[in-house]
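Colleague: I'd like to ask some things about the structure below.
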Amino acid sequence: MDNNNLLDTFLEFKELKNIDRATMMRVLEDVFRNMLIKKYGTDENFDIIINIDKGDFEIWRNRVVVEDEDLQDQNLEISLSEAKKIDEEYEVDEEVTDEVKFKDFGRRAILTLRQNLTAKILELEKENLYDKYKGKIGEIVAGEVYQVWKREILILDDEGNELLLPKAEQIPSDFFRKGDNLRAVVARVDMKNGTPTIILSRIAPAFLERLFELEVPEIFDGLITIKNIVRIAGERAKVAVESYDERIDPVGACVGMKGSRIHGIVRELKNENIDVINYTNNTALYIQRALSPAKINDIKVFDAEKRAEVYLNPDEVSKAIGKNGSNIKLANQLTGFDIEVYRDVEEGEEDVDLNEFSDEIEPWIIDAIKAIGCDTAKSVLNIPKDELIRRTDLEEETIDEVLQILKAEFE
């Protein structure tokens, strides 16, 4: 293999891996100097000239002229008789510079150099990939689905780099086939055994935040600020937004005319229900907005305990709690308060607190029922049995027994 062939091999890597010129020069020089050290014991008296544009390189060795009988190190010194063969003008103590031919290193040394060169380039590529995606954590990337497995999806970006979307980071209703285009946010980048592993996510709040930035110019421009985002991927999300410009309606801007802006986000998230609310420093008002679409009659806030009690009409309780408790769970996360829901009992309406039945109903069953927002007998009786079973995750026999006890109270 001659100089040009070796350079051509490296240039192929450069075009494929997008290695910059300075790095390419450094890598080439490093592997050549390692080869010189291995063969001659030192590289200090060698000059390496690399011409990337022409695709060739030269290695020149500098040696001091000594008398023939004083020659000790043929790498650092050259005898006077040998020097004069190069040029009759050379004298003792002068420096001779002559080119070292690449073929003189031998086939094995050249093959070793080529292997080292390849290994260095692959190592650099892995480092570049790690650094590139480390800087993209929290950003949206797009790619093509290359392989779908049970536990994860393999995605190729536009440069052919491999990205992974684990099952745990997919929206439950996500379904992709090979060849599909996919968008996700970079969740983390791990280095395992010297190889970068890029993990994507479609359930992270950052994914929803980036989608809003893409769809809502006012957010991208900084006119509207997203204060907080909480999600139950594929089910519901709550986004608190704020604008410092009184002329801008942050909620209206995010939703768009007839929902035009938010519809694209909802489609991307597989019809996830997104509530956009105005952020406020008024805790009571913020909690009230966070429980949307439920309408609250009254609220008591206990700042020291980070707790709030809200009172609603009976028909608003289920809205406040939401499907599988999703609405109140997200409201808790969004506000940072533990919100307790209570039914407003109309004057003259007879009702009994669930705790009054502790002698007949096990405490853990009462706790399970209260966890879905029912704290009185009638609030339980107003919910269909099937829904009670589903929401409390209690056995049907247990629910039947509870309903029988509660109904007996009013008979």
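The values are calculated or read from the model by the stated rules, or taken from the named source; none is laboratory data. Nothing here was measured: the structure is a model prediction, and the numbers come from that model. Here Cβ is always computed from backbone atoms with ideal geometry, including for glycine, and neighbour counts include all displayed protein chains. Just the protein is used for accessible areas: all its heavy atoms, side chains included, with ligands, DNA and RNA removed. Shrake-Rupley method; radii C 1.70, N 1.55, O 1.52, S 1.80 Å.
So that you can scan it fast, the table gives a plain yes or no per residue for (1) more than 25 Å from N228 (Cα to Cα); (2) out of contact with any helix residue (DSSP H, G or I) (no Cβ under 7 Å at 6 or more places or on another chain):
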site	(1), (2)
L330	no, yes
T335	no, no
I339	no, no
E360	yes, no
E395	yes, yes
D400	yes, yes
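Colleague: While we're on this one: Which condition from (1) at pLDDT 95 or above; (2) surrounded by fewer than 21 Cβ atoms within 10 Å (Cβ to Cβ); (3) assigned to a strand (DSSP E or B) is the one that A240 breaks?
Modeller: Of the numbered conditions (1) at pLDDT 95 or above; (2) surrounded by fewer than 21 Cβ atoms within 10 Å (Cβ to Cβ); (3) assigned to a strand (DSSP E or B), the odd one out for A240 is (2).
Colleague: Next question, about the same structure. Please note which strands (runs of 3 or more DSSP E) are completely contained in the range 151-200 and include at least 3 residues that are open to solvent by less than 10 Å² (accessible area, probe 1.4 Å). Can you show your working first?
Modeller: On the way: elements: 152-156, 162-166, 181-192.
Passing ranges, in order: 181-192.
Colleague: Return the only residue of D400, D367, D386 being part of a helix (DSSP H, G or I), at pLDDT 90 or above and either of a type outside the set (V, I, T) or in contact with a strand residue (DSSP E or B) (Cβ under 8 Å, 6 or more places away or on another chain) (or both).
Modeller: Working: D367 fails: at pLDDT 90 or above; D386 fails: at pLDDT 90 or above.
Of D400, D367, D386, the one residue that is part of a helix (DSSP H, G or I), at pLDDT 90 or above and either of a type outside the set (V, I, T) or in contact with a strand residue (DSSP E or B) (Cβ under 8 Å, 6 or more places away or on another chain) (or both) is D400.
Colleague: Inside the range 263-344, counting only strands (runs of 3 or more DSSP E) that do not spill past its ends, which hold 2 or more residues that are over 33 Å from the mean Cα position of the chain (by Cα)? Working first, answer last.
Modeller: On the way: elements: 273-278, 298-302, 307-312, 338-343.
It comes to 298-302, 307-312, 338-343.
Colleague: Would you check which residues across the range 281-312 are of a type in the set (S, T, N, Q) and surrounded by 15 or more Cβ atoms within 10 Å (Cβ to Cβ) and list them?
Modeller: Initial filter on the range 281-312 (of a type in the set (S, T, N, Q)): 281-283, 288, 292, 297.
Residues satisfying the conditions are T283, Q288, S292.
Colleague: For residues that are free of Cβ contacts under 8 Å to residues at least 12 places away in the same chain, closer than 18 Å to E362 by Cα and charged (D, E, K, R), scanning just the range 384-400, find the one that is least open to solvent (accessible area, probe 1.4 Å).
Modeller: Taking the candidates together, the pick is E396.
Colleague: More than 22 Å from I399 (Cα to Cα) and buried (at least 20 other Cβ atoms within 10 Å of the Cβ): which single residue out of E316, E340 fits that description?
Modeller: Numbers: E340 fails: buried (at least 20 other Cβ atoms within 10 Å of the Cβ).
It is E316.
Colleague: Among all residue pairs at least 6 apart or on different chains, which show Cβ distances below 8 Å where the first residue, located in the range 126-142, is more than 18 Å from I203 (Cβ to Cβ) and open to solvent by 70 Å² or more (accessible area, probe 1.4 Å) and the second is aliphatic (A, V, I, L, M) and part of a strand (DSSP E or B)?
Modeller: Sorted first by the residue in the range 126-142, then by its partner, the pairs are K134/V189.
Colleague: Follow-up. So which residues in the range 201-231 are free of Cβ contacts under 8 Å to residues at least 40 places away in the same chain, of a type in the set (F, W, Y) and open to solvent by less than 10 Å² (accessible area, probe 1.4 Å), if there are any at all?
Modeller: Within the range 201-231, none qualify.
Colleague: Still on this structure: What are the residues in the range 113-145 that are part of a helix (DSSP H, G or I) and farther than 19 Å from M25 by Cα, if any? Steps first, answer last, please.
Modeller: Taking the range 113-145 first, the residues part of a helix (DSSP H, G or I) are 113-134.
Hits for the range 113-145 are L129, Y130, D131, K132, Y133, K134.
Colleague: Taking the options F13, F32, name whichever one is open to solvent by less than 70 Å² (accessible area, probe 1.4 Å), part of a helix (DSSP H, G or I) and at pLDDT 65 or above.
Modeller: Values: F13 fails: at pLDDT 65 or above.
Answer to the check: F32.
Colleague: To continue, here is another question. Can you tell me how many residues within the range 157-171 are within 18 Å of the chain's Cα centre (by Cα) and more than 24 Å from E213 (Cα to Cα)?
Modeller: If we filter the range 157-171 for residues that are within 18 Å of the chain's Cα centre (by Cα), which is where we start, we get 157-158, 161-171.
Narrowing the set further to residues that are more than 24 Å from E213 (Cα to Cα) leaves 161-162, 166-168.
So the answer is 5.
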